[in-house]
Each structure stands twice: as structure tokens, then as C-alpha cells.
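No value in this document is a laboratory result; all are computed from the given coordinates. Source: prediction; values computed, not measured. Cβ placement follows ideal geometry from the backbone for every residue including glycine, while neighbour counts extend to all protein chains displayed.
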């Protein structure tokens, strides 16, 4: 049930929406926006830090935090109270995003759809790659499949809409653009987006101590590599090595 | 050798499920877990396991299995499936001892779409991201990330000593006709005008044959959105009822994706997830809006039941061990007969 009657929430008061009796959505806005995302992730960090008894798990998305909880251990009112306290003390624990340089091969066959995208946009393929690799992306959220990451920050001049109908299966590690966003896929699957490149990095590697490379809020740049370097990096990644460059451990 | 369950035959879609994968939705990992959480927990509790233990979720495809390496106590609970042990018909909710080589057959019965088989001690498989729940689409968990098939062997954990009375599990809490399902409106109920919410509740809705562990598709009236069917993706709880552009609701179940981009008109309450999951394709149903407090009360009732001693009534006996006879108050029985 809606927590407020207002459908366009202001900057300060989030909406509290019930998703059944065991999940509460704290919604900060309705759009994909770095400021809204930052508020979601700040609440995510603050609640993780407090870890009130009865919270089952937290799911940050573009614009809201879904809190799965056990209402027999933590009442909705007590949970909402915890959220309000976190919001009142936003500096309690600032999320510290990491920056990653992720290798990406844009050459065929990795960048399967690069030519198609370039011709859609009426620009040269080289120029497409240059612009894609020059941008800094923000990991907004995971979804769709384990390790499948949605990235904001795609330059508007290379933003293409989704395909009118899905294409066939792409390779794992495909770097996709569509719907104004960029994403990195982890499994071979059909997509309604365009394959601009492919990374040898594995965003989901179950054998690693930390199976998921990125945290929501992290930033990313893509570093172009040729097909030979892609093959070499893929072999190292397959053995468990992290081939993206990230913060010093 | 540790004892184990060997699958002799399995229709499609039976899998190993514990209570689900917790903590990884934020990384795009599906929670999986049982379609009917109450029946899964009940089967486990009936053999003395923790409610969350790994059990077999049996689909409408049915299953046939045996035990090796020693006797095992198993419990079945869920829909009204047809159960037999070496040809002897058993109740559909039952605790039974399986002797090595005995054949347990579970087939679809009078009603229900899922049935859970728990074994005392639990099924010992290596967890993936903290859970043994099978998610077939990503090949995660269970036995090789896939559905069970003939020849599979599931090792039984011997951590728990087993003494369990065999018999029928008798409780009105398993009597759950899926005709009226309780929901809490939202999280995007404001995307629908009041008359559309009324139409949604009244239905009637028919469960489509397209339904599976990921989602149940409903056919019925076409619902209209107030302002488009596209929203910025947000989290999805189990039992969320999303309404895509077609206007026909989709109920997102155990194998749902962690996030999605259609407005969710309502969410099935925890205590009715199993009731709904047991609706076979073709079932006609409607929804009833309840308050958050109602939903919490229903959940508390279920938890209290599962936390207590699961009522098991002996089947008709052909063997009377001394401890059984001593446990009977025969004198009271005589007095009762006279009154």
C-alpha cells in the first residue's frame, strides 16, 4: 500500500511501499539517476552497518532499496524507524566506491554488433569504440542473472534504443548497449540489446573468495584490447585470476 | 557407505530445494527455494529436521525412488499426491520408514502441483553461495544445477539420529483450496485506477499451462495501467503480481529474477504462497486484499504450528511392538466405550 499519496516524491522523504508483509521498498525516485542511486546505496550501507535483527537481505536497485525482512522478528514500524534513523544520519558510513579498469575487446567477433550500431548512429566504427571507451560508467545494480551488471554513463551520442526484437544468444562476458544504458553479461543468452564488445573479466566467478567483482556504486572504464590480448586474458581469467585492474587490495 | 536416496524414475522438474539462497539477490542471483514454503518446512519438521533443510521438491512429473545403505525415515507433504510404498497406498502427507530397496512412488493425485520429500538428517549436497537450492536456468545448486533424473543418488546426512513415528500427518493447515488468495496491494498499486484494482481482485483468473517455477501466468480480464506499463526496474518479492503491457498478470515465484520493470499491482502474502503455488494449470481463482497486520498474523500462525510437534497419527498397524502397547491407555479405552 502506498505510504504517501504523492506520486512524485521530493528529495528528502522516500516512499515506503509494502511488497507483501516481508519486504519493504524504500523508494527515492522513479528514474535512473546518479543522485537517486547514491541515496539508495547510502541507505544500503547504513542498514548493512546497523544490521538490525530480522533483516534478511537488502537489494539496491536504480531508485529504491528493497528490504527483505522477517516481520515476526522486526515489525514494519520498527524497520521504518530504523530506516528513518539511517536517513537522519547519512554520514554514519559513506559507501566507498571502487574504480575498475575492465579490458574489453571491440574487434570482431567480440564486438559482434559494433558495425550495426555504428551504422544505426551514422558514425564510423572507430569513433563508436573511442566514445564507448572514453566514458566512465557507474554500476547501478545487478539483475537478470548472477553478476549481470547494469551500468549508467553511456554517452548520449552513442545511446541506442533496445532492439525491436531480441537477437540470438551472445557469448558470456558480452558488453551490451541498449535502452540508453550499458551492461555486462555473465552468461550466454539472447538479448534485446546490442553487443558492442566482450570482456575477458568474469564478473561472477563462484570459485573466488569474492564471487562478484563489482559492488553497486563502483565506477568502471573499459580499456580496449585486441583479439590476441583478449584470448590471453581469458585464459588467465578462466584460472580464477582477476584481470580487471581495481583498487589495491 | 553413507546411506542415500537413489532416483529410479523422475518426470521433468523435480529438484533439490532448501529454504533458498539468501543474501545474493543484490548480485542478480535468484533465491530459488521451495514453491510451497509451508509444505517444505512441514515435511522437514515431521522428520525432525530444521525447517530449512534440503528436501526433494516433486513436480507433477512424479518420482520413484529407493534408499540404500540403511533404512531412512522420510516425510511427504504438499499437494494431494498419490503415494505408494512397495505397492501399499499411503496418505499423501505421511511419515514412513524406507527399508533398503523399498520402492516409494509419488505421482500426481487429486489436487496440488508440488509435493516435498524430506529425509531425516537431510540431503547432503555441497552448497553454492550458501544454499543447495537448485536453479536450473543458471545451472546452480542441487545436483549439477539440474532437475533430478533416473540414476541420481542423493547422500543422506547422518548428522541427526532418527526416531520418528510413522503415520499420517494430520492437520487442517494442509487443507488449502487455491480458490481465494490473499494479497497486500502494492508496491505499485497506484499505477492502477480503483476500478482496475476491483477487477484484479474479482478475477476470476485461470492459471495458464505456461506456468513454471519462475512465474505463473494468469488469464482473465485485461487490466489497464494508469500511465504506461514501463517502470524503472526495482526489486521483486516472491508472490509479486506484475502486470505487463498485455494487461494479463504474471505472478513471480521462487525462480523469479531479482529485479524487474513492470508495475506490481499486489503481492501474495507469505502464508498463501503455498496455497497459490499448488494451483494447477486450469485452476480458477480470485484475490482478496488484506492488511499487513492480517498477513503477519497468518504468518505467525504458520510459524507457531511449524515450531510445535507435528501431529502424526499411526496408520493401521499390523505389528505391535511392546513400547507401542505400553503407550496405549487400554483401561480408558474401555471406560470411553461404555459412556
In nm, give the distance between the simple-model label positions of residue A:229 and residue A:130, each being 7 Å from the Cα along the Cα-to-Cβ direction.
1.8 nm
At 222 nm, what helix-only mean residue ellipticity would chain A give, in deg cm²/dmol to the nearest 500, using -39500 (n - 2.57) for each DSSP H run of four or more?
-7500 deg cm²/dmol
Got the relative contact order for region B:180-302 handy, in percent, Cα pairs under 8 Å and 6 or more residues apart?
38 percent
Burial order of peptide ranges A:35-41, B:302-308, B:220-226, B:16-22 (average beta-carbon count within 10 Å, highest first):
B:16-22, A:35-41, B:220-226, B:302-308
Would you calculate, for chain B, the mean residue ellipticity at 222 nm contributed by helices, counting each DSSP H stretch of 4 or more residues as -39,500 (n - 2.57) and dividing by all residues, to the nearest 500?
-4500 deg cm²/dmol
Once you put a point 7 Å from the Cα of residue B:208 and another 7 Å from the Cα of residue B:294, both along the Cβ direction, what distance in nm separates them?
2.8 nm
Of all DSSP beta bridges in the protein assembly as shown, antiparallel share, percent nearest 5:
90 percent
Over region B:1-93, what is the relative contact order in percent, taking alpha-carbon pairs closer than 8 angstrom and at least six residues apart?
36 percent
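What's the average, rounded to a whole number, of partner chain beta-carbon atoms within 10 Å of each residue's beta-carbon in A:35-44?
Details: counts 0, 1, 0, 0, 0, 1, 0, 0, 0, 1.
So the per-residue partner count for this stretch is 0.
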Round to the nearest 10 and give me the degree value, 0 to 90, for the angle of helix B:292-307's Cα axis relative to the longest principal axis of chain B.
20 degrees
What FRET efficiency would be calculated for the residue pair residue A:207, residue B:195, taking the C-beta separation as r and a Förster radius of 56 Å, to the nearest 0.05?
0.55
For residues of B:183-196, the mean tally of beta carbons on other chains within 10 Å:
4
What does the extension gain come out to for residue B:179 and residue B:304, with contour length at 0.36 nm per residue minus their alpha carbon separation?
42.5 nm
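Do you know the relative contact order of chain A, to the nearest whole percent, from alpha carbon pairs under 8 angstrom that are 6+ apart?
Relative contact order comes out at 19 percent.
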If R₀ is 22 angstrom, what is the calculated FRET efficiency for the pair residue B:99 and residue B:316, using the beta carbon separation as r and rounding to 0.05?
0.70
Sites residue B:153 and residue B:84, calculated FRET efficiency, Cβ-Cβ separation with R0 25 Å, nearest 0.05:
0.70
When you look at the Cβ of every residue in B:257-264, what mean number of other chain Cβ atoms sits within 10 Å?
5
So how long is each side of region B:180-302 along the principal axes, counting just the alpha-carbon atoms, biggest first, in Å?
39, 31, 28
Pairwise label distance in nanometres, residue A:78 with residue A:219, each label 7 Å out on the Cα-Cβ vector:
4.0 nm
Binning at 5 angstrom from zero up to the longest distance, how are the C-alpha pair distances of region B:4-175 distributed in percent?
2, 10, 19, 24, 22, 14, 6, 2, 1, 0
So how do A:21-29, B:168-176, A:213-221 stack up, highest first, on mean other-Cβ count within 10 Å?
A:21-29, A:213-221, B:168-176
For residue B:165 and residue B:68 in one chain, what is 0.36 nm times their gap in residues minus the Cα-Cα distance, to one decimal in nm?
32.9 nm
